[in-house]
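Q: After the structure tokens below, expect a handful of questions from me.
Values quoted throughout were computed directly from the atomic coordinates according to the rules given, and no laboratory measurement underlies them. In this text the structure is predicted, and so the values were computed from the model without any measurement. Using ideal geometry, Cβ is built from the backbone for each residue, glycine included, and neighbour counts are taken over all protein chains shown.
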Amino acid sequence: MPIYDFKCEKCGHTFSVLTSYQERDRVVCPQCRSKDVRQLISACAVRTKGGGCSTGSAGAGSGSGAWRGG
């Protein structure tokens, strides 16, 4: 199940809820119990195949990890 972020229009409290897509319209504010909540746009996690990430181009540097000033 995804985690959705909400903001209460009555008291201004922002909170996250782990709920299904179908149940997100039934969320109430945990602080004031108002049903007047608005779903916020939030970032999502992305998993890529391979598990590694590259920050530089292949073949760059000596591979020793030592910095060579000059």
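Q: I need the peptides 15-21, 40-46 ranked by packing, meaning the mean over residues of other C-beta atoms within 10 angstrom, with the highest value on top. It would help to have the intermediate numbers written out before the result.
A: Working: 15-21: 12.4, 40-46: 7.6.
In descending order of packing, they fall as 15-21, 40-46.
Q: Could you check the spin-label model distance between residue 39 and residue 16? Points 7 Å from the Cα along Cα→Cβ, value in nm.
A: According to this spin-label approximation, the distance is 1.7 nm.
Q: Right, next: If you plug each phi of the stretch 27-40 into the Karplus form 6.51 cos²θ - 1.76 cosθ + 1.60 with θ = phi - 60°, what whole-Hz ³J(HN,Hα) values come out, in order, with x for Gly and Pro?
A: For the stretch 27-40, the Karplus curve yields 6, 10, 5, x, 8, 10, 6, 6, 8, 8, 10, 10, 6, 9 Hz.
Q: Next question, about the same structure. Quick check on the exposure proxy: order 49, 7 from fewest to most C-beta atoms within 10 angstrom.
A: Numbers: 49 4, 7 14.
Fewest-to-most Cβ neighbours within 10 Å comes out as 49, 7.
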